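The values are calculated or read from the model by the stated rules, or taken from the named source; none is laboratory data. Values in this document were obtained by computation on a predicted structure and should not be read as measured data. Here the Cβ positions follow ideal geometry from the backbone for every residue, glycine too, while neighbour counts run over all protein chains shown.
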């Protein structure tokens with residue numbers, strides 16, 4: 001079975017954060033970076049890491065949810081959050097290898113990338129700007145996806161070394 | 001409650017160690033918008049008649065970090081730092097792009113108003129819970145990259161501790177000062193994001209004078225509500241389409257300017273402006289791009305303009321030095337103006353200046369001024385402690401450190417070029433003013449006017465500018481610039497993220513609901529802001545007061561003929577300057593000496609300036 005997935009190319013991320021704006025426009029109706037399902041971390045200037053759900057093949061967040069609020073969309077393989085059932089316990093965040101989910105700053109409910117029903121807004125704006133740091137691919141479900149579910153600071157440390165060489169070891 | 005504003009400002013009294021929220025009335029917001037305009041208004045309201053007596057580096061000065069209603073929504077959100085300028089003794093709306101701006105707005109604040117002086121080093125933390133004054137003893141003395149690293153970690157950990165269950169906390173946004181600001185180098189910058197600076201105006205030294213190392217903000221809320229959200233969304237999209245279509249600017253930024261501005265426009269400072277032309281191809285854009293640009297498309301929050309390119313020196317004695325392009329101003333002021341035409345040397349000095357928290361234009365101008373005095377034998381090896389030859393990167397490196405630490409001759413140069421020239425002139429009994437490239441104390445940006453081929457108008461761009469040598473907001477005809485830079489700096493948005501004016505003004509109106517038009521800015525709001533700034537500049541003091549009309553002039557060097565290049569022999573036409581200056585004053589309703597007329601003050605709602613202006617007219 002194949003499904004869509006957002007490939008992230010960290011080096012190409014310019015830090016414009018339009019992904020955050022487009023995501024929150026779509027889901028919240030307004031510009032709201034911290035309610036966005038994709039957030040760009042920048043622990044050191046120039047080292048920008050778009051952080052979003054990688055759809056792990058074993059979905060540890062779904063497993064960890066005590067109220068069955070989290071389910072997997074059959075078509076997109078995205079994790080869906082039932083706002084009624086979610087109690088904002090943050091167990092999904094703890095279970096995620098990359099600590100990706102957030103609690104919405106207003107509702108306190110789990111907030112996870114839902115792939116916009118198959119046509120992610122973040123990917124669109126990133127492509128429009130010709131960065132393609134986030135790209136949509138269709139591929140087989142694989143264990144590889146989970147490799148992208150990493151703590152953004154760890155990713156940033158790697159990137160810093162790639163950009164700055166030895167100096168990169170000290171900046172984050 | 002006006003739309004487009006978060007609705008409150010954080011007031012911080014560092015002397016009393018108190019913070020509280022304050023609001024600004026709707027009328028004032030509509031009349032002055034935000035940033036530069038609002039800043040001048042707040043300063044006049046609070047300082048008023050005492051203006052000339054207030055020492056910009058004393059506790060009586062007020063430091064403002066302001067956004068505008070467009071900040072974060074229009075591409076390229078910036079912060080505007082202002083206050084009474086220790087360089088011009090007037091005000092400068094000094095802006096820089098930074099995530100600090102939208103973090104502040106999403107935390108619920110449109111700006112921070114800092115008064116008094118802390119008893120020891122502190123920083124201010126702004127969150128949705130309000131403002132906090134925190135100890136910065138451990139941060140005092142740190143260079144830019146360490147300040148950033150330490151504060152990112154410390155504040156992220158602190159906020160995580162307060163709310164551990166909401167998910168990962170992203171790093172905060174911040175503005176800070178380096179050692180130059182701490183040591184009150186008069187023209188020091190307020191730094192942000194490693195290599196961005198609110199440079200003009202010297203507000204880094206104002207922060208230093210208040211023992212304020214940084215202001216840090218982290219918000220979790222939405223950007224403020226607007227008047228017409230659907231129109232805003234549409235225009236936001238259109239603005240980005242425009243920016244994305246600007247191919248060559250996105251590819252090169254201003255990072256190709258270090259060679260091309262000199263070689264093709266002949267308007268680049270070379271060896272303290274003794275020349276404005278060079279054809280040193282070692283300094284060409286590709287020489288930077290091919291070897292040093294590790295990220296070619298780099299940008300700030302909500303911007304697709306991509307003028308920045310992340311640079312790092314990969315090997316050699318300066319391996320690991322990080323900066324952006326450098327942009328044109330730093331390529332010239334820390335390159336050609338030092339007689340340096342080597343990209344690695346230039347990147348090194350740029351990274352150094354950023355880390356020290358110097359304003360690159362100000363410090364670069366002062367250091368090159370010293371090198372010209374050395375060339376002329378006015379300053380000697382004995383005065384400096386070393387030789388200061390053109391092109392000697394190590395020597396300039398050393399001098400920039402001495403300035404930041406106020407050591408030896410660095411202590412004199414740390415007063416900025418104009419004040420240093422007065423002091424050295426007294427010391428040596430020589431008139432150093434012919435070599436000072438400043439207007440109203442503000443070191444002139446890296447765009448000369450003699451060739452008349454750069455973006456500025458020949459002749460009065462700087463001479464009558466209320467922000468002196470500031471190239472980001474020059475005077476043109478008393479009209480166009482008011483809906484240009486004066487608007488952008490008040491908005492507070494980036495003037496590099498330029499889109500057609502109907503988009504910009506359409507957004508301004510859709511965001512605020514105010515009946516804003518290009519015309520209203522050219523005829524009312526813009527004139528109100530620059531007239532207020534002009535009045536404050538004229539009041540000046542306490543150490544320097546500018547003489548009306550006499551000081552509304554170009555630096556002497558701009559009247560010397562260009563010694564080289566395609567426009568060799570060309571210079572500024574003094575007669576034209578005098579004529580256009582008068583026209584400029586007339587357009588803005590100022591008298592023939594540049595003092596705002598009573599009827600103008602009346603028309604613009606600035607009547608309360610009349611008593612002070614009246615005194616100047618006699």
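Data for the structure
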| quantity | calculated |
| --- | --- |
| Subset of the range A:56-78 [within 17 Å of the chain's Cα centre (by Cα) and within 14 Å of chain B (Cβ to nearest Cβ)] | A:61 |
| Leading residue by the ranking (surrounded by the fewest Cβ atoms within 10 Å (Cβ to Cβ)) among those in the range A:114-136 that are within 13 Å of chain B (Cβ to nearest Cβ) and outside any helix (DSSP H, G or I) | A:130 |
| Subset of the range B:222-280 [part of a loop (DSSP other than H, G, I, E, B), away from chain A (no Cβ under 13 Å) and closer than 15 Å to residue B:327 by Cβ] | B:254, B:255, B:256, B:268, B:269 |
| Test for residue A:101: is it over 14 Å from the mean Cα position of the chain (by Cα) and closer than 30 Å to residue A:172 by Cα | no |
| Sole residue being part of a loop (DSSP other than H, G, I, E, B) and surrounded by fewer than 24 Cβ atoms within 10 Å (Cβ to Cβ), chosen from B:457, B:446 | B:457 |
| Tally, over the range B:191-221, of residues that are in a loop (DSSP other than H, G, I, E, B), touching a strand residue (DSSP E or B) at 6+ places or on another chain (Cβ under 9 Å) and within 14 Å of chain A (Cβ to nearest Cβ) | 6 |
| Residue in the range A:134-142 that is within 17 Å of residue A:27 (Cα to Cα), modelled with pLDDT of 95 or more and in contact with a helix residue (DSSP H, G or I) (Cβ under 9 Å, 6 or more places away or on another chain) present | no |
| Unmet criterion (only one of (1) out of contact with any helix residue (DSSP H, G or I) (no Cβ under 8 Å at 6 or more places or on another chain); (2) at pLDDT 95 or above; (3) more than 10 Å from every other protein chain (Cβ to nearest Cβ)) for residue A:165 | (3) |
| Qualifying residue in the range A:58-72 (condition: under 15 Å from residue A:38 (Cβ atoms) and touching a residue at least 12 places away in the same chain (Cβ under 8 Å)) | no |
| Residues that are surrounded by fewer than 24 Cβ atoms within 10 Å (Cβ to Cβ) and part of a loop (DSSP other than H, G, I, E, B), drawn from the range B:416-431 | B:429, B:430, B:431 |
| Test: residue in the range B:291-309 that is surrounded by fewer than 23 Cβ atoms within 10 Å (Cβ to Cβ), away from chain A (no Cβ under 13 Å) and either without any contact (Cβ under 8 Å) to a residue 40 or more places away in the chain or over 29 Å from residue B:72 (Cα atoms) (or both) | yes |
| Residue B:277 being touching a strand residue (DSSP E or B) at 6+ places or on another chain (Cβ under 8 Å) and either modelled with pLDDT of 95 or more or within 26 Å of residue B:173 (Cα to Cα) (or both) | yes |
| Residue satisfying all of: in the range A:12-34; within 15 Å of the chain's Cα centre (by Cα) and facing chain B (nearest Cβ under 7 Å); nearest to residue A:83 (Cα to Cα) among these | A:34 |
| Counted residues, the range A:137-157 - those being away from chain B (no Cβ under 14 Å) and either within 13 Å of residue A:52 (Cα to Cα) or free of Cβ contacts under 8 Å to residues at least 40 places away in the same chain (or both) | 5 |
| In the range B:89-103, the residues that are part of a loop (DSSP other than H, G, I, E, B) and either in contact with a helix residue (DSSP H, G or I) (Cβ under 6 Å, 6 or more places away or on another chain) or without any contact (Cβ under 8 Å) to a residue 60 or more places away in the chain (or both) | B:90, B:93 |
| Residue, surrounded by the fewest Cβ atoms within 10 Å (Cβ to Cβ), within the range B:201-250, restricted to residues that are under 28 Å from residue B:290 (Cα atoms) and under 24 Å from the mean Cα position of the chain (by Cα) | B:249 |
| From the options B:571, B:545, B:525, residue that is in contact with a helix residue (DSSP H, G or I) (Cβ under 8 Å, 6 or more places away or on another chain), surrounded by 22 or more Cβ atoms within 10 Å (Cβ to Cβ) and either within 30 Å of residue B:608 (Cα to Cα) or at pLDDT 95 or above (or both) | B:525 |
| Residue B:325 vs. criteria modelled with pLDDT under 95, buried (at least 24 other Cβ atoms within 10 Å of the Cβ) and within 30 Å of residue B:435 (Cβ to Cβ) | yes |
| Failed condition for residue B:398, given (1) buried (at least 20 other Cβ atoms within 10 Å of the Cβ); (2) within 19 Å of residue B:271 (Cβ to Cβ) | (1) |
| Residue that is farthest from the other protein chains (Cβ to nearest Cβ), among those in the range A:83-105 that are assigned to a loop (DSSP other than H, G, I, E, B), without any contact (Cβ under 8 Å) to a residue 60 or more places away in the chain and in contact with a strand residue (DSSP E or B) (Cβ under 8 Å, 6 or more places away or on another chain) | A:86 |
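Residue-by-condition table, conditions (1) within 14 Å of chain A (Cβ to nearest Cβ); (2) modelled with pLDDT of 95 or more; (3) touching a strand residue (DSSP E or B) at 6+ places or on another chain (Cβ under 9 Å):
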{"residue": "B:63", "(1), (2), (3)": "no, yes, yes"}
{"residue": "B:66", "(1), (2), (3)": "no, yes, yes"}
{"residue": "B:69", "(1), (2), (3)": "yes, yes, no"}
{"residue": "B:75", "(1), (2), (3)": "yes, yes, yes"}
{"residue": "B:83", "(1), (2), (3)": "no, yes, yes"}
{"residue": "B:89", "(1), (2), (3)": "no, yes, no"}
{"residue": "B:95", "(1), (2), (3)": "no, yes, yes"}
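Yes or no, residue by residue, for (1) more than 14 Å from every other protein chain (Cβ to nearest Cβ); (2) more than 26 Å from the chain's Cα centre (by Cα); (3) not in a strand (DSSP E or B):
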| residue | (1), (2), (3) |
| --- | --- |
| B:105 | no, no, yes |
| B:124 | yes, no, no |
| B:131 | yes, no, no |
| B:134 | yes, yes, no |
| B:140 | yes, no, yes |
| B:150 | no, no, yes |
| B:170 | no, yes, yes |
